[in-house]
Amino acid sequence: MAAHTVYKEPAPIMDRENPLESMMSRFNIAAEILGLDDETYNVLKAPDKQVIVNLPVTMDDGKLRVFEGYRVIHNTILGPSKGGIRYDKHVHLDEVKALAAWMTWKCAVVDIPYGGAKGGIICDPTTMSPGELERLTRAYTLALKDVFGPDRDIPAPDMGTGPREMAWLMDEFSKTVGATSPAVVTGKPLVMGGSLGRTEATGRGVMVSTLAALGKLGLKPTEVSAAVQGFGNVGSWAAKLLFDKGLKIKAVSDISGAYWNDNGINIDEAIAYKNAHSGRLEGFSGASTMDADDLLTCDVDVLVPAAVEDVITEHNARDIKAKLIVEGANGPTSASADPIINEKGIMVVPDILANSGGVTVSYFEWVQNRQGFKWTEEMVTERADRIMADAFEKVYQTSQKYKIPMRIAAYVVSIDKVAQTYKFRGGF
Ligand code: NAD
C-alpha cells in the first residue's frame with residue numbers, strides 16, 4: 001500500500017455537513033417515532049441559553065487582544081448542565097449548539113442526572129503561551145461566573161483544553177465564591193480532586209460497548225479484527241483495551257497517517273512508540289503504511305472512528321466492509337451516510353452511547369468532590385462498566401422494539417427520558 005503522510009486540515013464549517021443540522025435530522029426521526037408532542041419538541045429543539053462573551057486578554061507582547069467565547073446550555077431538566085470547553089480557531093456557535101444538545105442526549109442515554117452544555121473560545125492554543133492561556137481561561141471563567149456552578153453548569157476539557165485549564169478555572173471560580181469549589185469542573189488534575197480512571201474512561205466505554213455489540217452479533221472477540229482511526233486519548237485506549245480482550249487490531253491511524261498489519265498490530269508496542277515520539281505513530285515499524293482514507297473501508301469486522309467529525313460520509317459509506325461501527329469520536333458519521341449504512345445492515349453503536357464512558361466518569365468525579373471522598377480505581381471502573389453495559393442493553397432493546405437502527409434508538413431513549421421528566425415536572 002502507498003505511503004501516506006498528508007494530513008488534511010478539517011474543512012471550515014461551511015464546507016462540512018452542519019453538525020447542528022446533522023444532529024437535528026436524527027432528533028427529528030426519533031421525535032416522530034416517539035410521537036413527541038409539539039410543545040416538548042419546541043422546547044428541546046433549541047438551547048435553553050446561549051451566552052457570548054468578549055474576553056480582553058493582555059498578550060505577552062503587552063498588547064490587548066479580544067477573544068470571542070461561547071457557553072451554550074442546551075437543557076437542564078435532568079440536572080445541572082455538563083459539557084466541555086473547546087479552544088480552537090474553528091469554534092463556531094452552530095457547532096457549540098450541536099455539541100451542547102449532544103451532551104443532553106449523552107447524559108440521558110447513560111441515565112446520569114445532568115443536562116447538556118458546551119463551551120468554546122475562538123483562539124489558536126498552539127500559538128499561545130501558558131501565561132496567555134491562563135489569562136484567557138481566567139477571563140472566560142469570570143465572564144461566566146454566574147453561569148458556572150456545581151449545581152448549575154459544570155464544564156470539562158474538550159479539544160485544546162485539559163487538566164491545566166480546568167485547574168485555572170476551578171481556582172478562578174473558587175475566588176469568586178470565596179471557597180474552594182472542586183465540583184464546579186471535572187477533568188481536574190488528580191491532586192486537585194480528579195478521578196482515578198478518567199483518562200481511560202472513554203476508550204474503556206468504547207471497549208465495553210464493542211463487546212456488548214459483538215455478543216448481539218454472535219461474534220467472539222478473539223475471532224474478530226478491527227481498525228481504529230485516531231490514536232489519541234480515545235483511540236489508543238480503545239485499541240489497547242480491545243487488544244487486551246483478544247481482538248486483532250489490523251489498522252490504526254493518527255494525524256501522521258495510517259498503519260496496517262494483517263497479522264495484527266501489537267498495541268502495547270504502538271503506544272510505547274507513540275509515547276516516545278511526541279504522541280505520533282510516524283515511523284512505527286510494527287506495521288506498514290497505508291492510505292489514510294483506506295482505513296475506513298479496509299477489510300475488518302469492527303471499525304472504531306475515534307478522531308474527528310464527518311469522516312464517514314455518503315461518499316465512502318458504501319465501501320465500508322465492517323459489520324460493526326463503534327463511534328469513539330463525536331459525530332464521525334454524517335447524517336447523509338446513515339441510510340447507506342442502514343441499508344448495508346451494519347450495526348452502529350452511536351457516539352452518544354459509545355463514547356459516554358467519559359462523561360460517566362466525569363460524573364463520578366463530581367460525586368466524589370461532593371462526597372469529599374476518593375473512590376478506588378476498581379470502584380470507578382466497575383460502576384462505569386455497569387452503566388455502559390446497561391445503557392447499551394436499553395438502546396439495543398429499544399432498537400428491537402421499534403425495529404430502528406441503534407443510533408435512532410439511542411435518541412429515542414434519551415428524548416423519552418427528557419420528555420417524561422418534563423411531563424412530571426411541568427411548570428410552564
Ligand atoms: P486526542 O486529541 O487525544 O486524539 C485525537 C487523535 O486523532 C490523535 O491521534 C490525532 O493524531 C488523530 N487525528 C486527528 N485528525 C485525524 C485524521 N484526519 N485522521 C486520523 N487521525 C486523526 O482527542 P480525543 O480526546 O481522543 O478525542 C477524539 C474524539 O473523541 C473527538 O471527536 C472527541 O470529541 C471525542 N470524545 C473524546 C472524549 C474524551 O474523553 N477524550 C469523550 C467523548 C468524545
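The values are calculated or read from the model by the stated rules, or taken from the named source; none is laboratory data. As the structure is a computational prediction, the values presented were derived from the model and not from experiment. Note: ideal-geometry Cβ built from the backbone for every residue, glycine included; neighbour counts use all protein chains shown. Surface accessibility is based on the protein's heavy atoms, side chains included, excluding ligands, DNA and RNA. Shrake-Rupley method; radii C 1.70, N 1.55, O 1.52, S 1.80 Å.
Applying the selection to region 393-428, what residues are over 19 Å from residue 116 (Cβ atoms) and polar (S, T, N, Q)?
Result: 397, 398, 399, 400.
When residue 263 is evaluated against the numbered criteria (1) within 9 Å of the ligand (Cβ to nearest atom); (2) surrounded by fewer than 17 Cβ atoms within 10 Å (Cβ to Cβ); (3) among the polar types (S, T, N, Q), which criterion, by number, is the only one it fails?
Condition not satisfied by residue 263: (1).
Mind checking which residues of region 16-47 are over 21 Å from the mean Cα position of the chain (by Cα) and among the acidic types (Asp, Glu)?
Applying the first criterion (over 21 Å from the mean Cα position of the chain (by Cα)) to region 16-47 yields 28-29, 31-43.
Within region 16-47, 32, 37, 38, 39 meet the criteria.
Does any residue of region 165-187 turn out to be within 10 Å of the ligand (Cβ to nearest atom), under 16 Å from the mean Cα position of the chain (by Cα) and surrounded by fewer than 24 Cβ atoms within 10 Å (Cβ to Cβ)? Break it down into steps so the answer makes sense when it comes.
Pass one, region 165-187, residues within 10 Å of the ligand (Cβ to nearest atom): 187.
Going one step further and asking which of them are under 16 Å from the mean Cα position of the chain (by Cα), we end up with 187.
From what's left, surrounded by fewer than 24 Cβ atoms within 10 Å (Cβ to Cβ): none.
No, region 165-187 contains no residue that is within 10 Å of the ligand (Cβ to nearest atom), under 16 Å from the mean Cα position of the chain (by Cα) and surrounded by fewer than 24 Cβ atoms within 10 Å (Cβ to Cβ).
With the requirement that a residue be among the hydroxyl-bearing types (Ser, Thr, Tyr) and open to solvent by 50 Å² or more (accessible area, probe 1.4 Å), what does region 362-420 give you?
Quick first cut of region 362-420, residues among the hydroxyl-bearing types (Ser, Thr, Tyr) only: 362-363, 376, 381, 396, 398-399, 402, 411, 414.
Once the filter is applied, which keeps residues that are among the hydroxyl-bearing types (Ser, Thr, Tyr) and open to solvent by 50 Å² or more (accessible area, probe 1.4 Å), region 362-420 yields 376, 402.
Which condition number does residue 249 fail, the rest of (1) closer than 22 Å to residue 407 by Cβ; (2) outside any helix (DSSP H, G or I) being met?
With (1) closer than 22 Å to residue 407 by Cβ; (2) outside any helix (DSSP H, G or I) applied to residue 249, the lone miss is (1).
For region 207-226, which positions are closer than 10 Å to residue 247 by Cα and within 16 Å of the ligand (Cβ to nearest atom)?
Across region 207-226, the qualifying residue is only 226.
Tell me yes or no: at least one residue of region 54-72 is among the β-branched types (Val, Ile, Thr), under 23 Å from the mean Cα position of the chain (by Cα) and open to solvent by 10 Å² or more (accessible area, probe 1.4 Å). Step through it out loud before you land on a result.
Start the filter on region 54-72 by keeping residues that are among the β-branched types (Val, Ile, Thr), which leaves 57-58, 66, 72.
Now narrow it down to the ones that are under 23 Å from the mean Cα position of the chain (by Cα): 72.
Filter once more, keeping what is open to solvent by 10 Å² or more (accessible area, probe 1.4 Å): none.
No, the conditions are met nowhere in region 54-72.
All but one of (1) in a loop (DSSP other than H, G, I, E, B); (2) of a type outside the set (Val, Ile, Thr); (3) touching a residue at least 24 places away in the same chain (Cβ under 8 Å) hold for residue 345; which doesn't?
Answer for residue 345: the failing condition is (3).
In region 53-74, how many are within 19 Å of residue 96 (Cα to Cα) and out of contact with any strand residue (DSSP E or B) (no Cβ under 6 Å at 6 or more places or on another chain)? Write out each step before concluding.
Keep residues of region 53-74 that are within 19 Å of residue 96 (Cα to Cα), which gives 53-55, 67-74.
Checking which are out of contact with any strand residue (DSSP E or B) (no Cβ under 6 Å at 6 or more places or on another chain) leaves us with none.
Of the residues in region 53-74, 0 are within 19 Å of residue 96 (Cα to Cα) and out of contact with any strand residue (DSSP E or B) (no Cβ under 6 Å at 6 or more places or on another chain).
I'd like to verify a number: residues in region 20-48 that are more than 18 Å from residue 81 (Cβ to Cβ), assigned to a helix (DSSP H, G or I) and in contact with a Leu (Cβ under 9 Å, 6 or more places away or on another chain), how many?
2
Out of region 125-149, which residues are outside any helix (DSSP H, G or I), open to solvent by less than 30 Å² (accessible area, probe 1.4 Å) and under 21 Å from residue 186 (Cβ atoms)?
Once the filter is applied, which keeps residues that are outside any helix (DSSP H, G or I), open to solvent by less than 30 Å² (accessible area, probe 1.4 Å) and under 21 Å from residue 186 (Cβ atoms), region 125-149 yields 144, 147, 148, 149.
List every residue pair whose Cβ atoms sit under 6 Å apart, with the two residues 6 or more apart in sequence or on different chains, where the first one lies in region 205-225 and is over 27 Å from residue 362 (Cβ atoms) and the second, anywhere, is open to solvent by 70 Å² or more (accessible area, probe 1.4 Å).
221/245; 225/248
Is there a residue in region 292-302 that is more than 11 Å from the ligand (Cβ to nearest atom), of a type in the set (A, V, I, L, M) and out of contact with any Pro (no Cβ under 7 Å at 6 or more places or on another chain)? Before you say what the answer is, go through the steps one by one.
The initial filter retains those residues of region 292-302 that are more than 11 Å from the ligand (Cβ to nearest atom), namely 294, 297-302.
Within this subset, residues satisfying the condition of being of a type in the set (A, V, I, L, M) are 300, 302.
From what's left, out of contact with any Pro (no Cβ under 7 Å at 6 or more places or on another chain): 300, 302.
Scanning region 292-302, I find at least one residue that is more than 11 Å from the ligand (Cβ to nearest atom), of a type in the set (A, V, I, L, M) and out of contact with any Pro (no Cβ under 7 Å at 6 or more places or on another chain), so the answer is yes.
Would you check which residues across region 68-116 are in contact with a Phe, Trp or Tyr (Cβ under 7 Å, 6 or more places away or on another chain), in a helix (DSSP H, G or I) and more than 21 Å from residue 202 (Cβ to Cβ) and list them?
Once the filter is applied, which keeps residues that are in contact with a Phe, Trp or Tyr (Cβ under 7 Å, 6 or more places away or on another chain), in a helix (DSSP H, G or I) and more than 21 Å from residue 202 (Cβ to Cβ), region 68-116 yields only 93.
Which residues, taken from region 303-321, are within 10 Å of the ligand (Cβ to nearest atom) and either open to solvent by 50 Å² or more (accessible area, probe 1.4 Å) or over 23 Å from the mean Cα position of the chain (by Cα) (or both)?
Passing the criteria: 307, 308.
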